[in-house]
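Peer 1: One structure follows; several queries about it will come next.
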Amino acid sequence: MKILNIETSCDDTAISIFEVKGGTTNASFKVLANNSNSQINIHIPYGGVYPVLAKKEHTKNLPILLEASLKQAKLDRKKKPVDAIAVTYGPGLEMCLWEGIIFTKELSKKWGVPVIPTNHMEGHIFSVFGKHKGKFIIPKIKAPMLSLLVSGGHTQLVLTKKWMDYEIVGETLDDAVGEAFDKVARMLDLPYPGGPQISKMAEIERKHFKESEKIGFSFSLPRPMLHTKDFNFSFSGLKTAVLYLIKKIAPDGKLDDKTKSAIALEFENAAIECLVRKTKKAVEKYGVKTLIVAGGVAANKHLRNEMKKVTGNKIKLLFPTQELSGDNSLMIGIAGYLNYIKNKKKVPKPASIKATGNLRL
Ligand code: KG4
Ligand code: ZN
């Protein structure tokens, strides 16, 4: 069957179409079209996502991306081009989620096809199986599986003992790790989104850092909750520690590039150490055989390298490709289809589907 996939939970408008067959553990996909529009340039002046503007951009971009995708897939919009539509209904910014949902409901009515409401976080989990274009399959996965989901809004450790069953065993008690990256980047005067900027700076600094070159001061940032017995995280204190550090080093707020790089490196080391330590503990406690690391922050190279040390050769470690680390519609389609099959093609009436900003797994 062919599925149209729609994602508008934050600042990316994304539409894709794929052809899929098979069951929940052996589905095979062929990507027919994949298009998205990032709003980064629009939000840069605000230093973060401005929800009203994001909503407007989704309204403008959805019909354009649909047109482009149908053309790319060589499908005729007048002749029921797909068999179902998967759409994100949460979690995310509600006014943005609604844009995708309303657009989907109109198409569903016009074409007479079912709507599959899909959880964005489940999408991130399945993003590790996807490919931006071409064909891919869902491989056999050994349980227990643990997913570390790290994005701008979430930091969660999710345990899967039974396929497509989720138990959140740990999560952040305050800021998400991506949010902390973005806020620290702002303190360092780096443009939004800050995660990639900090990680680029830290990467260069890590290569060049030599003890002998220490720049007249030394500092270390805290690793909140590193030694607590649970699997929870906290990033708000780390972010505040950076603020105080900057005030101490440069009371006038003016930091030179060398100092900025040193702060970026120490912040990244601290944040990633927290993620890695808690994941390692959960891997050991639950006897995890498959570890998934997904969400925007999964693009971070240091996180990827450190996670490889946790799993070694014995545990299967899966990351999304760089293209599928951030928000995309393909992951929504994968999660949507697998749930559609799991629920024996039973879907709610489109009219009952509502944006749910704080949807949980
Ligand atoms: O999953 P995502 O694209 O959107 C949400 O669902 O939130 O995640 C976006 C987050 C942003 O906070 C961004 O700064 C962060 O992922 N991010 C990174 C990197 N690339 C993106 N954080 C650290 N290192 C990166 N390389
Ligand atoms: Zn996301």
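Peer 1: How many residues does the stretch 143-167 hold that are away from ligand 1 (no atom under 16 Å from the Cβ) and either open to solvent by 40 Å² or more (accessible area, probe 1.4 Å) or of a type in the set (F, W, Y) (or both)?
Peer 2: Total satisfying the criteria: 7.
Peer 1: I've got another one for you. Tell me whether the stretch 175-186 contains one or more residues that are closer than 20 Å to K278 by Cα, open to solvent by 30 Å² or more (accessible area, probe 1.4 Å) and either in contact with a Pro (Cβ under 8 Å, 6 or more places away or on another chain) or away from ligand 2 (no atom under 16 Å from the Cβ) (or both).
Peer 2: No, because not a single residue in the stretch 175-186 is closer than 20 Å to K278 by Cα, open to solvent by 30 Å² or more (accessible area, probe 1.4 Å) and either in contact with a Pro (Cβ under 8 Å, 6 or more places away or on another chain) or away from ligand 2 (no atom under 16 Å from the Cβ) (or both).
Peer 1: Something else: Looking at the stretch 273-361, what helices (runs of 4 or more DSSP H) fall wholly within it and have at least 2 residues that are farther than 30 Å from M95 by Cβ and open to solvent by less than 30 Å² (accessible area, probe 1.4 Å)?
Peer 2: Answer list for the stretch 273-361: 301-311.
Peer 1: Is it the case that the stretch 237-257 has a residue that's within 16 Å of ligand 1 (Cβ to nearest atom), part of a helix (DSSP H, G or I) and under 30 Å from I141 (Cα atoms)?
Peer 2: No, there is no match, as no residue in the stretch 237-257 is within 16 Å of ligand 1 (Cβ to nearest atom), part of a helix (DSSP H, G or I) and under 30 Å from I141 (Cα atoms).
Peer 1: If you go through the stretch 100-125, how many residues are away from ligand 1 (no atom under 16 Å from the Cβ), touching a helix residue (DSSP H, G or I) at 6+ places or on another chain (Cβ under 6 Å) and assigned to a helix (DSSP H, G or I)?
Peer 2: Within the stretch 100-125, residues that are away from ligand 1 (no atom under 16 Å from the Cβ), touching a helix residue (DSSP H, G or I) at 6+ places or on another chain (Cβ under 6 Å) and assigned to a helix (DSSP H, G or I) number 3.
Peer 1: Might you check whether a residue that is outside any helix (DSSP H, G or I), farther than 23 Å from R277 by Cα, within 18 Å of the chain's Cα centre (by Cα) and not assigned by TED's automatic domain parsing to the domain that holds I125 occurs anywhere in the stretch 195-215?
Peer 2: no
Quick grid of which residues meet (1) modelled with pLDDT of 95 or more; (2) among the aliphatic types (A, V, I, L, M):
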residue	(1), (2)
V49	no, yes
K55	yes, no
L62	yes, yes
L66	yes, yes
S69	yes, no
K78	no, no
D83	yes, no
V87	yes, yes
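Peer 1: Would you check if there is a residue in the stretch 259-273 being at pLDDT 95 or above and within 16 Å of ligand 2 (Cβ to nearest atom)?
Peer 2: There is no residue in the stretch 259-273 that is at pLDDT 95 or above and within 16 Å of ligand 2 (Cβ to nearest atom).
The values are calculated or read from the model by the stated rules, or taken from the named source; none is laboratory data. Everything quoted here is computed from the prediction, not taken from an experiment. Quick reminder, even Gly has a Cβ in these numbers, built from the backbone with ideal geometry, and neighbours come from all protein chains shown. Surface accessibility is based on the protein's heavy atoms, side chains included, excluding ligands, DNA and RNA. Shrake-Rupley method; radii C 1.70, N 1.55, O 1.52, S 1.80 Å.
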